Amino acid sequence: MLEGINKIGDLEWEVPVGYVPDMRVPGRFFLSRALAETLEEGAVRQLANVATLPGIVKHSLAMPDIHWGYGFPIGGVAAFDRTEGVISPGGVGFDINCGVRLITTPLTEADLAGKKRELIEALFSVVPTGVGARSAMRVSNKELTEIMVNGARWAVERGLGTPEDLIRCEEEGAMPGAEPDAVSAKARQRGMPQIGTLGAGNHFLEIQVAREIIDPEAASVFGIAEGQICFMVHCGSRGLGHQVATDHLRTLESALGKYQIRLPDRQLACAPIDSPEGRAYYGGMACAANYAWTNRQVIMHEARKAFTQVFGIEYDEMRLIYDVAHNVAKFEHHDVDGAPMEVCVHRKGATRAFGPQAPGIPREYAAVGQPVLIPGSMGTSSYLLHGTATAMQKTWGSTCHGAGRVLSRSKAKKAIRGKELREHLAQEGILVRAHRDSVLAEEAPEVYKPSHEVVRVVHEAGLSGIVARLEPLGVIKG
DNA sequence: ATGTGC
């Protein structure tokens, strides 16, 4: 472990005040010995830098998938006092509301046999992939405004889903406080042709089988059984979210002097939550988050239609378990030293993991806590977990989001051949359909930390409980 | 992550 960091529990570490100058609170992160080898000093410094920001409450936190990011570390969680604190795009990330949803089907592996290629091709033909992918769907400027305000409900009202889908979605598919005027014309232009598109990088649409049920009671509550075929959608707010982040970062950087905020790193650009600049970022970010929920709703709808065509099953037999955001800032009420407090929780590459009976989770899941969805890297397992009371106490109800990258894209492309990887995965029974073979090299399993170890750590640390392990059978990539 | 770099 790095110099100057204290072990405070089996899997818990503290970065003391003074690790970098002007820290207001300590940093804390969760990590096993096995993952310690992958810990970057730069990511720990970023965790400490976040602790210098005005109004930060209790700790600057990071999950076991911590790695170096823009300003804030990825895997980072930080809460700021609603009245005294700041809001920062670096604490959310460029892909606002990058997230995941998981859907069960009535199919088994036997049903899939011989039809997997047909299914993959059907899915690939209805879900546009790749950087700059455009949708066949026509969305007007007025409709885009409705999408940014109403989120997934916009899609359901047009028959692209069912009302039950919305209940099983974080924020029911739309955050409050979306402010369309805080989204630039350029951001709108980028977002207009991209509703229903997957994008690139680690985004995917994957066919999976529930290979292992670890917690049968919670699995039954979530409605998933061993051997069941599922599909998972992992994507975000595309060009619109990226442009919202870019636009507001520039505004916030130039307002730093006005609010006399001194930063160890300009990438931490932020503004008081209740300033015009802070409010504008929140309003724009909420628009992008709602756009992302709509995007995943439309992709799920297209995928359901493809399944009905290939297998002759009913649309309603494919049930959304849940949809989670991995990159977002939200106002939440938490207990701080026995007193309720409203804070702005930034989760960047982290998942909300609200425990049993927590407000804001679907009533049907109240007994076990909210579902938590952790995507694997290509060819490796994804996980379904549940939130816990421990997460509420220790991490503002948060857990990890997946496997952090350990090899850069450029290094991965030099070390790995995409075509060979595709053939190798095919031998294991995993069919891959990608926009370009080169993305396969960039997304190879070995360029990521092992997600099973990341998930093991949050389980052992009590931040969430493993419910099921899902194995990939076929995947569509950018 | 991203009309992938100013």
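The values are calculated or read from the model by the stated rules, or taken from the named source; none is laboratory data. Keep in mind that what you see is a predicted model, and the values were worked out from it rather than measured. Heads up, the Cβs are rebuilt from the backbone with ideal geometry, glycines too, and the neighbour counts pull from every protein chain shown. Ligands, DNA and RNA are stripped out before the accessible areas are found, and what is left, the full protein with its side chains, is counted by its heavy atoms. Shrake-Rupley method; radii C 1.70, N 1.55, O 1.52, S 1.80 Å.
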Original post:
Taking the stretch A:26-38 as the search range and keeping residues that are open to solvent by 20 Å² or more (accessible area, probe 1.4 Å) and assigned to a loop (DSSP other than H, G, I, E, B), which one is farthest from A:ILE87 (Cα to Cα)?
Top reply: A:GLU37
Original post:
Would it be correct to say that A:VAL20 is of a type in the set (Val, Ile, Thr) and surrounded by fewer than 22 Cβ atoms within 10 Å (Cβ to Cβ)?
Top reply: yes
**OP:** Starting from residues that are away from DNA strand B (no atom under 16 Å from the Cβ) and open to solvent by less than 10 Å² (accessible area, probe 1.4 Å), keep the ones in the stretch A:225-241 and report whichever is farthest from the chain's Cα centre (by Cα).
**Re:** A:ILE229
Subject >> Among (1) at positive phi; (2) among the small types (Gly, Ala, Ser); (3) modelled with pLDDT under 90, the one test that A:GLY397 misses >> reply: (3)
Original post:
Right, A:HIS459: touching a strand residue (DSSP E or B) at 6+ places or on another chain (Cβ under 8 Å), open to solvent by 80 Å² or more (accessible area, probe 1.4 Å) and of a type outside the set (Lys, Arg) or not?
Top reply: no
Original post:
So which residues in the stretch A:396-434 are assigned to a loop (DSSP other than H, G, I, E, B), farther than 30 Å from A:HIS386 by Cα and more than 16 Å from DNA strand B (Cβ to nearest atom)?
Top reply: A:ARG417
**OP:** Among residues belonging to the stretch A:112-131 that are in contact with a Lys or Arg (Cβ under 8 Å, 6 or more places away or on another chain) and β-branched (Val, Ile, Thr), point out the one that is nearest to A:GLN208 (Cα to Cα).
**Re:** A:ILE120
Subject >> Criterion: among the small types (Gly, Ala, Ser) and in a loop (DSSP other than H, G, I, E, B) - qualifying residue of A:GLY42, A:GLY4 >> reply: A:GLY4
Original post:
Any idea how many residues of the stretch A:79-102 are surrounded by 21 or more Cβ atoms within 10 Å (Cβ to Cβ), away from DNA strand B (no atom under 16 Å from the Cβ) and of a type in the set (Val, Ile, Thr)?
Top reply: 2
Original post:
Looking at this structure, is A:THR380 touching a residue at least 60 places away in the same chain (Cβ under 8 Å), open to solvent by 20 Å² or more (accessible area, probe 1.4 Å), of a type in the set (Val, Ile, Thr) and not in a helix (DSSP H, G or I)?
Top reply: yes
Subject >> Residues located in the stretch A:162-177, provided they are open to solvent by 20 Å² or more (accessible area, probe 1.4 Å) and either in a loop (DSSP other than H, G, I, E, B) or at pLDDT below 95 (or both) >> reply: A:THR162, A:ARG168, A:ALA174, A:PRO176, A:GLY177
Subject >> Qualifying residue in the stretch A:249-261 (condition: of a type outside the set (Asp, Glu), within 24 Å of the chain's Cα centre (by Cα) and in a loop (DSSP other than H, G, I, E, B)) >> reply: no
**OP:** Read through the list (1) touching a strand residue (DSSP E or B) at 6+ places or on another chain (Cβ under 9 Å); (2) among the polar types (S, T, N, Q); (3) within 30 Å of A:ALA306 (Cα to Cα), then give the number of the only condition that A:SER125 fails.
**Re:** (1)
Original post:
Which residues, taken from the stretch A:180-214, are of a type in the set (A, V, I, L, M, F, W, C), in a loop (DSSP other than H, G, I, E, B) and within 14 Å of DNA strand B (Cβ to nearest atom)?
Top reply: A:VAL183, A:ILE195, A:LEU198, A:ALA200
**OP:** Search the stretch A:33-78 for residues being among the basic types (Lys, Arg) and free of Cβ contacts under 8 Å to residues at least 60 places away in the same chain, and hand back the single one that is farthest from DNA strand B (Cβ to nearest atom).
**Re:** A:ARG33
